[in-house]
Amino acid sequence: FVFAWQIICRKALECVKLAIDVGYRHFDGALVYFNEHEVGQAIREKIADGSVRREDIFYCGKLWNTFHPPELVRPALERTLKALKLDYVDLYIVELPMAFKPGMEFYPKDENGKYIYHQTDLCATWEALEACKDAGLVRSLGVSNFNHRQLELLLNKPGLKHKPVSNQVECHPYFTQPKLLEYCRQNDIVIVGYCPIGSSRDASWVNVTSPPLLEDKLLVSIGKKYNKSSAQVALRFNVQRGVVVIPKSFSPERITHNFQIFDFSLTEEEMKGIEDLNKNIRFVELLMWSDHPEYPFHDEF
């Protein structure tokens, strides 16, 4: 197992270095991905060899659910900075609006295997994040998987010093998020789309009732017109509508492939056709936490 884990970590190191060589500059990370040490090493090595400067790289870190109490926020961020061996991150986001019991376990459960939740105030968590920004540990603050009600809670917080600049949510042609996208646009919040080319088909955490995105006939046919793949068309669709995309891959070929979306544009008719593919069905439902008081997906948007 240790040997296998070393291979995975080594793969993360090499993939980030390749991605920088290809042209990627935005790297989406998290403490619970357990690879920030390797990602940071890759970034530092590419800075050292003159490929990029630190200011060219945009690194996003995430505050995990067990660190929502205000006194734990800065230590969590400092843990990420220590792993990365960087002085600051460019964006630090609340990974989920759902707090878990603080402690050594990232996924705390009781003796019956039930997740142990924690009562915290998102506004108090946010104030602790604002202090981290004021201290120079992070350049911008954001959130992830927040619905419009949870965003409003922060935007209307008395004494708000730094508003969330982004909301990272699932977003792709089968789940276009039109209402949340419009709400965020009105409040100058950028949508960052995860699963932009769909997801794995792992039934333990993925909704497999939604058909595989990349097999969609319209995406495939548009791709043939431009000599592109359905994945490239799906990525171009979101980029063209102002959504930041963060495709995930450990394949050198796909890492390169996913970046090759800037040499073509979709027509208005094609954009409308892809928008009409929306099924309003998530791949990532996080149903194991649907009984949490702050589970975000019960709301319409």
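A few remarks follow.
- Pair list, Cβ < 7 Å and 6+ apart or interchain, from region 101-112 residues that are loosely packed, with under 10 Cβ neighbours inside 10 Å to residues that are assigned to a loop (DSSP other than H, G, I, E, B) and not acidic (Asp, Glu): Asp110/Ile116
- Among the residues of region 8-57, just one is open to solvent by 60 Å² or more (accessible area, probe 1.4 Å), modelled with pLDDT of 95 or more and aliphatic (A, V, I, L, M), namely Ala48.
- Members of region 267-283 that are modelled with pLDDT of 95 or more and of a type in the set (Val, Ile, Thr): Thr267, Ile274
- Residues that are part of a loop (DSSP other than H, G, I, E, B) and open to solvent by less than 50 Å² (accessible area, probe 1.4 Å) within region 279-300 comprise Arg282, Phe283, Val284, Leu286, Ser290, His292, Tyr295, Asp299, listed in sequence order.
- Restricting attention to region 208-249, the residues being in a loop (DSSP other than H, G, I, E, B), open to solvent by less than 40 Å² (accessible area, probe 1.4 Å) and among the basic types (Lys, Arg) number 2.
- Residue check, Thr125 modelled with pLDDT under 95 and of a type in the set (Ser, Thr, Tyr): no
- Sole exception among (1) part of a helix (DSSP H, G or I); (2) out of contact with any strand residue (DSSP E or B) (no Cβ under 7 Å at 6 or more places or on another chain); (3) touching a residue at least 40 places away in the same chain (Cβ under 8 Å) for Trp205, by number: (1)
The values are calculated or read from the model by the stated rules, or taken from the named source; none is laboratory data. Remember, predicted model here, so these are calculated numbers, not experimental data. Please note: Cβ atoms are built from the backbone with ideal geometry, for glycine as well, and neighbour counts cover all protein chains shown. Remember, those area values only see protein heavy atoms, side chains included, never the ligands or the DNA or RNA. Shrake-Rupley method; radii C 1.70, N 1.55, O 1.52, S 1.80 Å.
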